[in-house]
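The values are calculated or read from the model by the stated rules, or taken from the named source; none is laboratory data. A quick note: this is a predicted structure, and the numbers were derived from the prediction, not measured. For neighbour counting, all protein chains shown are included, and Cβ atoms are generated from backbone atoms with ideal geometry for every residue, glycine included.
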Amino acid sequence: MNSIQKQFKIGVIGAGRVGSNLAYWLSKGGWHISGIFDENYEAAKRIAYIIPTGVYTNLYQIFRNCDIAIFAVPDYELLGLLDSASEFDYTRVCTLIHTSGVTPSLFLNLAGIKYYRASMHPLLSVPLLNTRNNVFFKQMFGVEGDEVGLNVVCELIADLNAQPIFIDSYKKPVYHSAAVYSTNFIFANLLIAMKMYIDAGLTGEQAKSITIRMAKSTIQNFSANADLKGLTGPAVRGDIETLLQHLHVLDNINHTEIYKAMTNYIVGISEQKDLLADMLD
C-alpha cells in the first residue's frame, strides 16, 4: 500500500456499472472507499454491502468526509452535481475525478477552482459488477487532467492492474466516438447478426455460439491484419449478385440502411469503389 492510499479516503458518486466496479476493485486494491452516493439509495446500499462500506445520502457528506470524489455518473448528471458542490461552505475533498470519455476534466472547475482534477475513462464495455473477475485487469483507461489529478488517477489505475493512456482534452469527443464504434456499435451489430441467424432457422443457442465465434475470428484477423488486407466478404470481392440478394432480404427486416452504410464504407476503402458505388447510392 502506498502513501496516497494510506492517507486518502475515496467517495464514489454513482452506483452504476462503472461506479460499482471501480468502488469494489479499488477497495480490493487497498484503497479506502469511504462510501457510495447515488440518487437511487437502494442501488448504493447494495454495492456498499458487497464492498463493504458506508452509504452517503447526499453529495455534501462525501465532500465533507472524503479526500477524493469520483463522479461515475452520466455527463448529463454531472453539471447539476458540480453546481451543488460549488455551494458547499466546507469541503475536505481535494481531488475531483470523473469517468466521462467525452467531457474534459476542466469541466470539474464548475465545482470551484480549488480542486485538483482529472478524468479516467475505462476503455472497455463495463459489465455488471462481477466480484470474481477484475473487469479492469490489463485494460486501459483514457486519462487527462492537471498534474496532481493525473498522479492520483495513475495510482488508482495501477492498483486496478490496468494501464493509463494519456489523451488530449480537446480531442475527447473524437476519442470517445472511437470508443463507441469499438464497443456499442459492435455489440449492436452482434445482436442483429444473432437475430438474423435465428430468422434463418438456427436455435437461439446456435445463433449465439456462431455469432461469438465469428466475432472472435474477426478480432483475431484484425489483430493480425489491422489494414485492408484483413477485409473479407462480398463488398471486397465485388460480388454484386450476393450484395443484391442481401439487400433484398434485409429490406424486409428493416436493416437495409445499416447494411448499405457499412458496405459503402468498405467499398470506399477497397478497390471495388467504382464498380459498386452506383448500386449502393
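Filtered by the rule that a residue be modelled with pLDDT under 95 and buried (at least 16 other Cβ atoms within 10 Å of the Cβ), region 125-136 gives V126, L129. Among N130, N109, which is the only one that is part of a helix (DSSP H, G or I) and out of contact with any helix residue (DSSP H, G or I) (no Cβ under 7 Å at 6 or more places or on another chain)? The unique qualifying residue is N109. Counting only residues that are over 20 Å from V135 (Cα atoms) and free of Cβ contacts under 8 Å to residues at least 12 places away in the same chain, region 25-57 holds 3 of them. Considering region 98-123, and only residues there that are in contact with a Phe, Trp or Tyr (Cβ under 7 Å, 6 or more places away or on another chain) and of a type in the set (A, V, I, L, M, F, W, C), the residue that is surrounded by the fewest Cβ atoms within 10 Å (Cβ to Cβ) turns out to be L123.
Residues checked against (1) in contact (Cβ under 8 Å) with a residue 12 or more places away in the chain; (2) farther than 30 Å from A23 by Cβ; (3) in a helix (DSSP H, G or I):
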| position | (1), (2), (3) |
| --- | --- |
| P164 | yes, no, no |
| P173 | yes, no, yes |
| A178 | no, no, yes |
| A188 | no, no, yes |
| E205 | no, yes, yes |
| K208 | yes, yes, yes |
| K216 | no, yes, yes |
| Q245 | no, yes, yes |
| V249 | no, yes, yes |
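Of all residues assigned to region 56-71, at least one qualifies as being more than 20 Å from V126 (Cα to Cα), of a type in the set (S, T, Y) and crowded, with 24+ Cβ neighbours inside 10 Å. Please find, among G149, G201, the residue that is at pLDDT 90 or above, of a type outside the set (A, V, I, L, M) and either touching a Pro at 6+ places or on another chain (Cβ under 9 Å) or assigned by TED's automatic domain parsing to the domain that holds I113 (or both). Just one listed residue meets the conditions, G149. Taken over region 161-190, the residue count meeting the criterion of being more than 28 Å from Y24 (Cα to Cα) and in contact with a Phe, Trp or Tyr (Cβ under 9 Å, 6 or more places away or on another chain) is 1.
Taken over region 23-52, the criterion of being buried (at least 21 other Cβ atoms within 10 Å of the Cβ) and of a type in the set (D, E) is satisfied by D38 alone. You will find that of G149, G145, the residue that is at positive phi and surrounded by 13 or more Cβ atoms within 10 Å (Cβ to Cβ) is G145 and no other. In this entry, T91 is excluded by the filter for residues that are surrounded by fewer than 22 Cβ atoms within 10 Å (Cβ to Cβ), among the hydroxyl-bearing types (S, T, Y) and farther than 24 Å from L150 by Cα. Do we have D83 as charged (D, E, K, R), farther than 24 Å from G142 by Cβ and not in a loop (DSSP other than H, G, I, E, B) here? Answer is yes for this residue.
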